[in-house]
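Every number in this text was worked out from the coordinates using simple rules, so none of it is lab data. The structure presented is a predicted model; accordingly, all values stated were derived computationally and were not measured. Note that each Cβ is placed from the backbone with ideal geometry, even for glycine, and that neighbours are counted across all protein chains shown.
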Amino acid sequence: MAPVRADGREAPVSVGDPQYSRAWTRRAIELLRAEVPTDVVLFNDTAIPGVVWYPGHADHFHLRMR
């Protein structure tokens, strides 16, 4: 899944971009994890709890389901 942009646009964004919203992406991940049995989230913003850094995952994340 793609991370959330701060400007609300539906366009690509990466963790280091000024348009990237950590708060909204964190909330999206929290909501998904609350509903989907998840072992790990692969994403390159390790400031989000429960996220594991993985090469090439600055512009999308994966939930590894149980």
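Observations
- The GluC sites (Glu not before Pro) of the stretch 3-51 meeting both criteria, a DSSP state outside H, G, I, E and B (loop) and at most 10 other C-beta atoms within 10 angstrom of the site's C-beta, are Glu10.
- Using a cutoff of 8 angstrom between alpha carbon atoms and counting only pairs six or more residues apart, the relative contact order for the chain works out to 33 percent.
- Nearest 10 degrees, 0 to 90: helix 22-35 Cα axis against the chain principal axis: 30 degrees
- Answer label for log10 I(q)/I(0) by the Debye sum over Cα atoms at q = 0.20 Å⁻¹ (calculated), chosen among [x] -0.72; [y] -0.83; [z] -0.94: [x]
- Each label was represented as a point 7 Å from its Cα along the Cα-to-Cβ direction; for Asp17 and Tyr54 these points are 2.0 nm apart.
- Spin-label model, His62/Val36: points 7 Å from Cα along the beta carbon direction are separated by 1.2 nm.
- Net charge over other residues, Cβ less than 12 angstrom from the Cβ of Arg5 (K, R count +1; D, E count -1): -2
- The chymotrypsin sites (Phe, Trp or Tyr not before Pro) found in the chain that occupy coil by DSSP, while having at most 13 further C-beta atoms within 10 Å, are Trp53.
- Under 5 Å from the amide H of Val40 lie the amide H atoms of Arg64, each residue being 5 or more positions distant or on a separate chain, with H modelled from the backbone and absent for Pro and chain starts.
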